[in-house]
């Protein structure tokens, strides 16, 4: 049965027929149909042999050699329509089909199936975006780490949790991710303490100017000193802090959270991960697979992270503490958060009235009082101390046992005063 010609095929047949009748040349037919002369010659041979059917493609009306088998398509549709897979995108669905059903299909094939089954809606093209200057990736790992937090219903239980993440600018590799209750100072300090112990000290950190540290979210802990504390801690560690003026400036970590909100949520759902197992799942399973799939190779081999020295490791509890300055009162007490701290004499340092001491609220809940580089002994008083009439010049551990030498200026001055007194008594 002859196949009816489409309008383009009818036009092609007419032109080839004119060429066969020598009305036009092969070159003219080639120009009209945008084909080569060799293709025109092949079409003339097919038309002479088969008439108008010679311009019809030989595979027209035949099933495609790449057609998906009916049983595979059926299994794919069944998998996609399961309740726990209802929000899978084509790419993620392709990976999970291969992992769980051993069905290997391309993401575009999956997209076509999902669209035909009303499981995926084709997105319309967006309008022209605002032009922003592209910034080249850093050359080496550790030169710049983008850091941020994301509040989301990560465990699909109706409550929001906070995920903190650091991604390397040069490679796009997630260097660390950690679930916390909020994005407060304690959570951020815990994150970076663990980061430094596992990765080392990066050259610079790129983060929000206001969003992360000015607490624009109801779940965050209100602490106006947070950014100051973070900058102070990073300055002590020798790490540069860069604040972005817009989310697009640190787009790598912003896009990362978009990916994690899509993929990580589904991976945890499939693995039946709750909040108690989430950080272990991230560290042991998910991050490796994610980095294998999405990270790129840096332009320059090497690692710009500095090694965390033993001396710096000992100082981390003090560095990652909330520090406040207070003045020593006349009775050698310090007032802090409606508490009165009585300072005690400490060996190796003299404390004077009016000295400025630093109070460190550490992550383990302990409170330390430091004067310059020495930690002072203290106790919390149950109530405000009563004024004391006893005059104390300085708070010291004990009186010095050192005696000046016989020729010391102090002794000479004392001997001279005694001689003058005896002389006056004689006269």
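Table for the structure above
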| quantity | calculated |
| --- | --- |
| Rounded D (µm²/s) - segment 70-116, Kirkwood Rh over Cα pairs, Stokes-Einstein at 37 °C, 0.692 mPa s | 318 µm²/s |
| Most fluctuating residue given options 59, 338, 330, as computed from a GNM of the chain linking Cα atoms under 10 Å | 59 |
| Taking the C-alpha atoms of segment 145-294, convex hull volume expressed per residue in Å³ | 107 Å³ |
| Helix 409-426 vs. the chain, principal-axis angle (Cα, 0 to 90°, nearest 10) | 20 degrees |
| Full-stretch length increase - residue 242, residue 353 - with 0.36 nm per residue and alpha-carbon distance subtracted | 36.0 nm |
| Rel. contact order, % - alpha carbon contacts under 8 angstrom, at least six apart, the chain | 11 percent |
| Tail fraction, Cα-Cα pairs, the chain, threshold 39 Å, whole percent | 53 percent |
| Ellipticity estimate at 222 nm from DSSP helix runs (n ≥ 4, -39,500 (n - 2.57)) divided over the chain, nearest 500 | -11000 deg cm²/dmol |
| Gain upon complete extension [residue 259, residue 374; 0.36 nm per residue less C-alpha separation] | 36.6 nm |
| The chain: most fluctuating residue of 387, 247, 409 per GNM, C-alpha cutoff 10 Å | 409 |
| Degrees separating the helix 226-237 axis from the principal Cα axis of the chain, which is the longest one | 80 degrees |
| Normalised per residue, the volume of the convex hull around the Cα set of segment 255-322 (Å³) | 175 Å³ |
| Sites residue 39 and residue 67 - FRET efficiency at Förster radius 22 Å, r taken between beta-carbons, to 0.05 | 0.20 |
| Label-point separation in nm, residue 104 to residue 329, each point 7 Å along Cα→Cβ | 7.7 nm |
| For the chain, built as a Gaussian network whose Cα springs stay under 10 Å, the top-fluctuating residue of 43, 256, 367 | 43 |
| Degrees between helix 185-199 axis and first principal axis of the chain (Cα, 0 to 90, nearest 10) | 70 degrees |
| Kirkwood-type radius of segment 3-62, with distances r between different C-alpha atoms, in Å | 11.5 Å |
| Potential lengthening between residue 21 and residue 318 on full extension [0.36 nm per residue; Cα-Cα distance subtracted] | 97.4 nm |
| FRET efficiency, 1/(1 + (r/R0)^6) with R0 25 Å, evaluated for residue 366 and residue 279 via beta carbons | 0.55 |
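Only the coordinates and a few stated rules stand behind these numbers; no lab work does. What you see is a predicted model, and the numbers here were worked out from it, not measured in a lab. Virtual Cβ from ideal backbone geometry, glycine too; neighbours counted across all protein chains shown.
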